[in-house]
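Enquirer: Have a look at this one.
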Amino acid sequence: MGKVKVAPTASMQLKHQIKNDQSVFAKSFFKWTPHEKQVEIFEATRNPLNKVITISAGRRGGKSEAVSIDALHYGITHESTIQFIISATNDQATIIFSKMLQFLTSKNTIYNSFVRDVKRGPHPKITLVNGSVIEFRSAQNGGVYIRGHGAARVRVDEAVY
């Protein structure tokens, strides 16, 4: 007897899209729609050939939102990973931390579904229910706060500083 082929349901297709596309993920969970340049950032991060991505954009360009969504998407769709958001100062690191919390707390069901623990300071950290961690560190004092740590992904915010 041959294999029976099952047509994917709309629900299965949406799950696949959420897992593979930050834009669909953001729309589905946070009711947030990225603009064209943010979609380009997401596409760049999905390309395995891109090991380093530089985002050069002016103030209010949506970089913090895009980085927040991308880090949350990666953490939620990849179990037991560690990601770092590195900024010039602790104050700068908390901007993206706050943006992530804003997304996660937009609905209690979202927060309760994804978040195991939140540590607010001096080095903020979000631990997800699947064991993934997003840590926020500063590069102050010659990078002493980031030495000796490994991560699957690192984002450097305001790298010029």
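Enquirer: Looking at LYS107 and the list (1) among the charged types (D, E, K, R); (2) surrounded by fewer than 18 Cβ atoms within 10 Å (Cβ to Cβ); (3) more than 14 Å from ALA26 (Cβ to Cβ), which single condition is not satisfied?
Expert: All conditions are met except number (3).
Enquirer: Follow-up. Got a sec? Which helices (runs of 4 or more DSSP H) wholly within segment 7-68 have at least 3 residues that are open to solvent by less than 40 Å² (accessible area, probe 1.4 Å) and either within 23 Å of PHE103 (Cα to Cα) or in contact (Cβ under 8 Å) with a residue 40 or more places away in the chain (or both)?
Expert: By residue number, 22-30, 36-46.
Enquirer: List the strands (runs of 3 or more DSSP E) that sit entirely inside segment 95-161 and contain at least 3 residues that are under 13 Å from the mean Cα position of the chain (by Cα) and modelled with pLDDT under 95.
Expert: Fully inside segment 95-161 and qualifying: 153-156.
Enquirer: Also: Just the residues that are assigned to a loop (DSSP other than H, G, I, E, B) and either exposed (fewer than 15 other Cβ atoms within 10 Å of the Cβ) or at pLDDT 85 or above (or both), please, taken from segment 69-94.
Expert: Passing the criteria: HIS78, GLU79, SER80, THR81, THR89.
The values are calculated or read from the model by the stated rules, or taken from the named source; none is laboratory data. A quick note: this is a predicted structure, and the numbers were derived from the prediction, not measured. Cβ sites come from the backbone with ideal geometry, for glycine too, and all protein chains shown count toward neighbours. Protein only, heavy atoms only, side chains kept; ligands, DNA and RNA dropped before computing areas. Shrake-Rupley method; radii C 1.70, N 1.55, O 1.52, S 1.80 Å.
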